[in-house]
Structure formats: structure tokens, C-alpha cells
Amino acid sequence: MPVLAANWKLHKTTAEAIAWVDAVQASPLLGRADVVVLPGFLQIPALSARIGHGPIALGSQDVFWEESGAFTGMVSAAQVREAGCRYALVAHSERRRCAGDDDRGAHARIRAALAQGLTPIYCIGEGLRERESGGFQRALKAQYDVALDGLSAEQAQRVIVAYEPVWAIGSGQPATPQQVGEVAAAIRAGVLARTGLREGMRILYGGSVQPQNIQGFLAQGTIDGFLVGGASLDPEEFLALLKAVVGGA
């Protein structure tokens, strides 16, 4: 099934998060895609109680690679799983920029998430220098080569890769559907070759996805879903994206 993941970043109080879930849970489109909500850590327990074992899955915006210890401010995969999460975001571009996350850390986080039965959503993307020089494919390969190193084919199949063109963020030059489609196809081929998988790798796109432009990305045929930021905050806008993804009437 396609994936539609809502990354709320540093948005929403608990009351606002519950109201969003209540609105989205009423949709008959649920169950036709893997819908994932990635709230702030403090909202996870309340949303878990609200969602239960329904068709909306919870994820954390990060996990640390250690289970316990003297790691102030970190949250472990075991802790978020116990709180009700089934997914974990790893190495989002904002985490890379603001918290210094890198692909060696991503590798450890992915392994920790997998060990706890979580599905990692691993984010990669190239900067403006790599894009303009034409070396973006090498830059992307360098990222997933490190992060996915040593995973078995079975483990790799459980990882979702999300492509974020970092060069397009705030640049006024959004990535075109054709650019995204070509990069997604290259990532899939590279990851399959790297991990020994023959099929099953899911590739998401994240980057200013909106109801007005989502059809262009879907038409490329190389994307299995979307990691959505701003357009996921409003439940009606999110449901419009879900309708497009599943082809609902």
C-alpha cells in the first residue's frame, strides 16, 4: 500500500493533535494507505490512547541508538514503541541541520528501531552544491551506503527511504515532478543493489507536497508515497492528499 506520513515537526498542542486525529479517523479512505502521524514526543501517549489499534499509525520524529544510559534529552526506540509508536523518522534534513545528525548516526538509529520492531523512515537528500555540480547521485549514494551498511535483505525491506531535495527548501526553486521521479528511480536501483533486495523497497517524497501538485509526482510512477510537512497540519488538506494517493472518490 502507499504511504502518507504527516510530519508535524514543532507544531500542535495535545488538544490540537487530538482534534486532528478525530477529524481524520472519520474518513472512509483510511485502510487504503499506510497513514502515519509523526507528532511531537509529548503528544504520543495521548494520541496512542485515542487511536488505539486503528488504521492511523504513530511514529516518532527521532530515536536514539542506545536503549538506556547517561544520554540526557534522548529518547530510545524501546520508549517510543512502548508509548504506541510503530514508525520512527531517522535523519530528517532538519535534524541534520539543527542537531548534527549524520549517516553513521542514522545507521545506528535504524538498527535500534528495527530491533524494537519499528519501521524506520530514513531521510536522504542533496544540497544545492551537489545538485548544481551534477554530483547529486553520488551524494545520495554516499548517504544510503553508510546508513544501510550491513543490513540483511530482510532488514532493508523494512526500511522506508524518504527523498528530500534539500536544495529546494526555501530556495524558490521547487523540485519538478520529473526531477523527483528520476531521482526516486535511481535511489531505488541503488538501494536494491546495495542491500541485495530484489523488490519491496518503498520510496517516499518529501518537499512542499500539496493537493495542487501531488498528481504530478504520482504520475511519475516511481514514488510509493509522501512525507508531508506543512500540508499535513490541516486535517482537510491532509485528507485531500490521501484522496489523491488512494484515488478515492
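The values are calculated or read from the model by the stated rules, or taken from the named source; none is laboratory data. In this text, all values refer to a predicted model and were calculated from it rather than measured experimentally. Methodologically, a virtual Cβ is constructed for each residue, glycine included, from the backbone with ideal geometry; neighbour enumeration extends over all protein chains shown.
In the range 17-27 there is at least one residue that is under 23 Å from Gly207 (Cβ atoms) and touching a Lys or Arg at 6+ places or on another chain (Cβ under 9 Å).
Flag not set for Phe217, criterion: farther than 26 Å from Leu148 by Cβ, crowded, with 17+ Cβ neighbours inside 10 Å and aromatic (Phe, Trp, Tyr). Checked against (1) surrounded by fewer than 16 Cβ atoms within 10 Å (Cβ to Cβ); (2) in a loop (DSSP other than H, G, I, E, B), Gln179 passes all but a single condition, namely (2).
Only residues that are part of a loop (DSSP other than H, G, I, E, B), buried (at least 18 other Cβ atoms within 10 Å of the Cβ) and touching an Asp or Glu at 6+ places or on another chain (Cβ under 8 Å) were counted in the range 1-40, giving 1. Residues of the range 83-106 that are over 21 Å from Ala5 (Cβ atoms) and either β-branched (Val, Ile, Thr) or assigned to a helix (DSSP H, G or I) (or both): Arg104 alone.
Sort out which residues of the range 108-162 are without any contact (Cβ under 8 Å) to a residue 60 or more places away in the chain, hydrophobic (A, V, I, L, M, F, W, C) and part of a strand (DSSP E or B), and write them in order of number. Correct list: Val161 only.
Report, by residue number, each residue of the range 163-176 that is at pLDDT below 85 and either part of a helix (DSSP H, G or I) or under 17 Å from Arg202 (Cα atoms) (or both).
As a first pass, look at the range 163-176 and keep what is at pLDDT below 85: 167-174.
Residues satisfying the conditions are Trp167, Ala168.
Suppose we keep only residues that are in contact with a strand residue (DSSP E or B) (Cβ under 7 Å, 6 or more places away or on another chain) and over 18 Å from Val161 (Cα atoms) within the range 41-63. Which one would you say is surrounded by the most Cβ atoms within 10 Å (Cβ to Cβ)? Looking at residues that are in contact with a strand residue (DSSP E or B) (Cβ under 7 Å, 6 or more places away or on another chain) and over 18 Å from Val161 (Cα atoms), I get Ile44. Which condition breaks for Ala91 when tested against (1) buried (at least 22 other Cβ atoms within 10 Å of the Cβ); (2) at pLDDT below 95? Here Ala91 meets the rest and fails (2). The numbered conditions (1) closer than 22 Å to Glu94 by Cα; (2) at pLDDT 95 or above are all true for Gln137 except (2).
Checking Ser60, Ser68, Ser48, Ser76 one by one, the residue that is of a type in the set (S, T, N, Q) and either touching a Gly at 6+ places or on another chain (Cβ under 6 Å) or at pLDDT below 95 (or both) is Ser48 and no other.
Step by step: first the residues of the range 46-60, then only those that are touching a Ser or Thr at 6+ places or on another chain (Cβ under 9 Å) and in a helix (DSSP H, G or I), then the one that is nearest to Gly247 (Cα to Cα). Which residue is that? Ranking the candidates gives Leu47 first. Among the candidates Gln116, Gln25, Gln79, the residue that is under 30 Å from Glu236 (Cα atoms), polar (S, T, N, Q) and over 16 Å from the mean Cα position of the chain (by Cα) is uniquely Gln25.
Within the range 204-245, the set of residues being within 20 Å of Gln178 (Cβ to Cβ) and among the aromatic types (Phe, Trp, Tyr) comprises Tyr205, Phe217, Phe226.
The lone criterion from (1) among the aliphatic types (A, V, I, L, M); (2) touching a Lys or Arg at 6+ places or on another chain (Cβ under 9 Å); (3) loosely packed, with under 14 Cβ neighbours inside 10 Å left unmet by Ile203 is number (3). Among the residues of the range 208-234, the one identified as assigned to a helix (DSSP H, G or I) and in contact (Cβ under 8 Å) with a residue 60 or more places away in the chain is Ser232. Cβ-Cβ below 8 Å, separation at least six or inter-chain, first residue in the range 186-207 and assigned to a loop (DSSP other than H, G, I, E, B), second among the β-branched types (Val, Ile, Thr): which pairs? Correct list of pairs: Leu197/Val191; Met201/Val159; Met201/Val161; Met201/Val191; Met201/Thr195; Gly206/Val228; Gly207/Ile169; Gly207/Val180.
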